[in-house]
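The values are calculated or read from the model by the stated rules, or taken from the named source; none is laboratory data. A quick note: this is a predicted structure, and the numbers were derived from the prediction, not measured. Glycine gets a Cβ as well: all are built from the backbone with ideal geometry, and neighbour counts include every protein chain shown.
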Amino acid sequence: MKKQLLFITAAMAIILFGCGQPSGSSSAALPKQDTIRPAEEMVVVKTLRDADSVLKLQANDIGKRAIADSARAKVSNYLTNTINAKATNWIAYLAKVDVVGNTAFVQLSIPRYWRLADRIELASISSLILEMSLEPKDTTIMNMLKPLKEGDRVLVSGEFPKFGNKVDVQTSFLGFHNEPDAVVVYPQYDFNITDIKKYK
């Protein structure tokens, strides 16, 4: 794994309907607990919910594949161009911190629904997962992580690295998860974390 890379795995593949741009993030239609999240994060959360609903209506994998391919392209465009491959103060939960040898592995969960946030074991099916590896010399981020406990709600910022001038689902993820709906239900993206701190 690349150092200081987050692998964003997700229940968070985003289907953006309409003209190819994410639908609005009006707080009027959102549950009260969602209004605290940044607008950009909520666009992702809401479109994920919409995508999941549409997938469930498909009769077979042909329909699912078409939705997944469309979602992958629209998510790539949104992350690359609309938010300039950056996330600022997105609200997440610290799901796991493991140390293997000299490398620390961190998982953050951004739940689609806060009612699932307390079930960390459901993160892979209910959330966008940010997975990061850190080497000992990555002292700035290491020090930010030291006071945090698993289950803490955090604010995380960073950048999505581009491959071929765009942000896209990782090919290594697609190699392990070839189901038609994988890129909609739990895709994986790289992410370079720049800041993380406990949220109230």
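When residues in segment 142-200 are screened for being under 28 Å from Ile67 (Cα atoms) and of a type in the set (Val, Ile, Thr), 6 of them pass. For segment 144-194, a tally of residues being more than 30 Å from Asn60 (Cβ to Cβ) and either among the basic types (Lys, Arg) or under 16 Å from the mean Cα position of the chain (by Cα) (or both) returns 17.
Pairs meeting the criteria (first residue in segment 79-90 and farther than 14 Å from Ala39 by Cα, second residue surrounded by fewer than 19 Cβ atoms within 10 Å (Cβ to Cβ), beta carbons under 7 Å, at least 6 apart or on different chains) are Thr80/Lys162; Thr80/Lys166; Ala85/Glu159; Ala85/Lys162.
Reported count of residues in segment 53-75, each being assigned to a helix (DSSP H, G or I), out of contact with any Leu (no Cβ under 9 Å at 6 or more places or on another chain) and surrounded by fewer than 18 Cβ atoms within 10 Å (Cβ to Cβ), is 8.
Condition test on Asn102, is it modelled with pLDDT of 90 or more, closer than 28 Å to Lys197 by Cα and more than 14 Å from the chain's Cα centre (by Cα)? No: the conditions fail for Asn102. Here Pro180 fulfils each of the conditions (1) in contact with a helix residue (DSSP H, G or I) (Cβ under 9 Å, 6 or more places away or on another chain); (2) modelled with pLDDT of 90 or more; (3) buried (at least 18 other Cβ atoms within 10 Å of the Cβ) apart from (2).
Considering segment 148-200 alone, what residues qualify as being among the hydroxyl-bearing types (Ser, Thr, Tyr) and under 22 Å from Ile83 (Cβ atoms)? Within segment 148-200, Ser157, Tyr186, Tyr189, Thr194, Tyr199 meet the criteria. Against the numbered list (1) part of a helix (DSSP H, G or I); (2) modelled with pLDDT of 70 or more; (3) under 14 Å from Leu94 (Cα atoms), Ser124 comes up short only at (2). Going by the structure shown, is Ile62 modelled with pLDDT of 75 or more, closer than 17 Å to Ala182 by Cβ and not acidic (Asp, Glu)? The answer is yes for Ile62. Quick check, is Ala92 within 22 Å of Glu179 (Cβ to Cβ) and either among the small types (Gly, Ala, Ser) or assigned to a strand (DSSP E or B) (or both)? No; evaluated as a whole, the condition is false for this residue. Going by the conditions given, is Lys46 basic (Lys, Arg) and surrounded by 14 or more Cβ atoms within 10 Å (Cβ to Cβ)? The answer is yes for Lys46. Among the residues making up segment 146-200, those that are within 22 Å of Lys96 (Cα to Cα), assigned to a helix (DSSP H, G or I) and free of Cβ contacts under 8 Å to residues at least 60 places away in the same chain are Ser172, Phe176. In this structure, Ala10 does not qualify as modelled with pLDDT under 85 and touching a Gly at 6+ places or on another chain (Cβ under 9 Å).
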